[in-house]
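Worksheet: one structure, shown below.
The values are calculated or read from the model by the stated rules, or taken from the named source; none is laboratory data. No experiment lies behind these values; they were computed from the predicted model shown. So basically every Cβ, Gly included, is an ideal-geometry build from the backbone, and we count neighbours across all protein chains shown. Heads up: the accessible areas ignore ligands, DNA and RNA and are worked out on the full protein's heavy atoms, side chains in. Shrake-Rupley method; radii C 1.70, N 1.55, O 1.52, S 1.80 Å.
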Amino acid sequence: MLIKNKNYRTVWMQDSFVYMINQQLLPHKFEIYKSKNYIQTANAIKTMIVRGAPAIGATGAFGIAQAALGFKGTNFEDFKEHIEKAEKILKSTRPTAHDLFYAIDFIKEKILKNSKIKNAKDDAVKYSNEYADWSAGLCRNIGEHGNRLIKNNQNILTHCNAGALACVDFGTALSPIRIAHYSKKNVFVYVDETRPRNQGSSLTAWELTQEKINHSIIADNAAGFFMKSKKIDFVIVGADRIAMNGDVANKIGTYSKAVIAKENSIPFYVAAPLSTFDIDAKSGNDIPIEERHEDELLYMHGIDENKIMRKIRIAPQESPAKNPAFDVTPAKYITGIITEKGVMKPTKEEIERFAANK
Ligand code: MRU
């Protein structure tokens, strides 16, 4: 993605360091976070310095590569044990996004195929970088397929941030919008603020500003108003995990947007790479939903008029909060799923057909 005339990826590895755009600080500060080892990388995923399903997948793969490079011993069995410990720590950071598990399993299989530690370390670096390149390419393809669904002068609603910041590059839900904009279509984006962490108003709006794509932030509760008053033609969201019956887990609030879209006959699309499908999840009931800290709801973060970052409490001291980070949208509300291989209906048959071609 282009930031101040320079091309960046959300996450990359150089030597044994993992670099990531620090998403805790956006849109107020653009800073690169440098992680020195896999423990710091796991912590960056947990605290959402890096977030979004494909981005945490690639970061998890780099974390395993860091673990491999950081191993000091000479015995391959000890090396294997060390990688499995890193796997456990990295996988325990965020439970819902399937890409994290997919990427870590991919890289672990590649490196443990070796019997020599030196070769395993070389492969860890090689394949984690290849994984990140591959993931960025998939998102670009999602953009090309999704762009064909977007007509000139359409108004599009999106929820959370499923942009380049949530991926290695391009984005999932924002990729078709980007490609439509590059191909000179006039598009306008309604950006749900996405409480409690405001990934819409802080990250999606920031990305659209960088690309000069017309948009307005709207309160989460306003999407129904705009859909009913025919201001929205099309909805595109990302996904954290998709079950084999087409049920989709995505940022909390996605489900209600999908129901309102159906009620108003507005197409509701999900954009996600095939790595988001979980063959072990028969339906949305099998998808683990992350419960995050109540402070995300009870406090707000921002800058004051002197540009000082502040955290302020917005609820009574005595009030607790409940904070599920994701919800599941049943397949019946979804018009189609935009993948790197094309657009599919959210049915078991279509998913199996696409998965066979993965
Ligand atoms: O909690 P987050 O910010 O990691 O949640 C991100 C989302 O829900 C995205 O929509 C999803 O990961 C798809 S990202 C391309």
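Being at positive phi, within 12 Å of the ligand (Cβ to nearest atom), surrounded by 18 or more Cβ atoms within 10 Å (Cβ to Cβ) and assigned by TED's automatic domain parsing to the domain that holds Lys257, is that true of even one residue in the range 145-163?
The answer is yes; a qualifying residue exists.
Provide a single number: the residues in the range 289-310 that are of a type in the set (Asp, Glu) and in a loop (DSSP other than H, G, I, E, B). Give the steps one after another, and end with the answer.
Here is the first cut: in the range 289-310, the ones of a type in the set (Asp, Glu) are 290-291, 294-296, 304-305.
Checking which are in a loop (DSSP other than H, G, I, E, B) leaves us with 290, 294, 304-305.
The number of residues fulfilling the criteria is 4.
Scanning the range 19-29 for residues that are open to solvent by 60 Å² or more (accessible area, probe 1.4 Å), touching a residue at least 40 places away in the same chain (Cβ under 8 Å) and within 15 Å of the ligand (Cβ to nearest atom) yields nothing.
Looking only at the range 332-343, residues that are more than 20 Å from the chain's Cα centre (by Cα) and not polar (S, T, N, Q) come to 2 in all. With a requirement of 1 or more residues that are open to solvent by 10 Å² or more (accessible area, probe 1.4 Å) and modelled with pLDDT under 95, the helices (runs of 4 or more DSSP H) lying completely within the range 188-288 that satisfy it span 205-211. Total residues in the range 329-352 satisfying the condition of being open to solvent by less than 40 Å² (accessible area, probe 1.4 Å) and in a strand (DSSP E or B): the figure is 7. Before we move on, is Lys4 more than 15 Å from the ligand (Cβ to nearest atom), surrounded by fewer than 17 Cβ atoms within 10 Å (Cβ to Cβ) and at negative phi? Considered against the rule, which asks whether it is more than 15 Å from the ligand (Cβ to nearest atom), surrounded by fewer than 17 Cβ atoms within 10 Å (Cβ to Cβ) and at negative phi, Lys4 comes out as no.
Listed by first and then second residue, the pairs linking a residue in the range 35-58 that is at positive phi to a residue that is buried (at least 21 other Cβ atoms within 10 Å of the Cβ) and in a helix (DSSP H, G or I), with Cβ atoms under 6 Å apart and 6 or more places separating them unless they lie on different chains, are Gly52/Ala166.
Is there a residue in the range 305-323 that is within 16 Å of the ligand (Cβ to nearest atom), touching a Ser or Thr at 6+ places or on another chain (Cβ under 9 Å), of a type outside the set (A, V, I, L, M) and assigned by TED's automatic domain parsing to the domain that holds Ile236? Checked against the condition, which is being within 16 Å of the ligand (Cβ to nearest atom), touching a Ser or Thr at 6+ places or on another chain (Cβ under 9 Å), of a type outside the set (A, V, I, L, M) and assigned by TED's automatic domain parsing to the domain that holds Ile236, the range 305-323 yields no hits at all.
Could you tell me which residue of the range 289-325 is farthest from the chain's Cα centre (by Cα), considering only residues that are open to solvent by less than 40 Å² (accessible area, probe 1.4 Å) and aliphatic (A, V, I, L, M)? My answer is Ala315. Being more than 16 Å from the ligand (Cβ to nearest atom) and not in a helix (DSSP H, G or I) is the filter; apply it to the range 88-143 and report the residue that is surrounded by the fewest Cβ atoms within 10 Å (Cβ to Cβ). Selected residue: Ser115. Would you check if Ile32 is in the same structural domain as Ile107 (by TED's automatic domain parsing), open to solvent by 10 Å² or more (accessible area, probe 1.4 Å) and over 15 Å from the mean Cα position of the chain (by Cα)? For Ile32, the condition - in the same structural domain as Ile107 (by TED's automatic domain parsing), open to solvent by 10 Å² or more (accessible area, probe 1.4 Å) and over 15 Å from the mean Cα position of the chain (by Cα) - is met. With respect to the conditions (1) open to solvent by 10 Å² or more (accessible area, probe 1.4 Å); (2) in contact with a Cys (Cβ under 9 Å, 6 or more places away or on another chain), Ala55 falls short on a single one, namely (1).
Out of Asp240, Asp247, Asp233, I need the residue that is within 30 Å of Ile104 (Cα to Cα) and away from the ligand (no atom under 13 Å from the Cβ). Which one? Spell out the reasoning first.
Working: Asp240 fails: away from the ligand (no atom under 13 Å from the Cβ); Asp233 fails: within 30 Å of Ile104 (Cα to Cα).
Matching residue, one of Asp240, Asp247, Asp233: Asp247.
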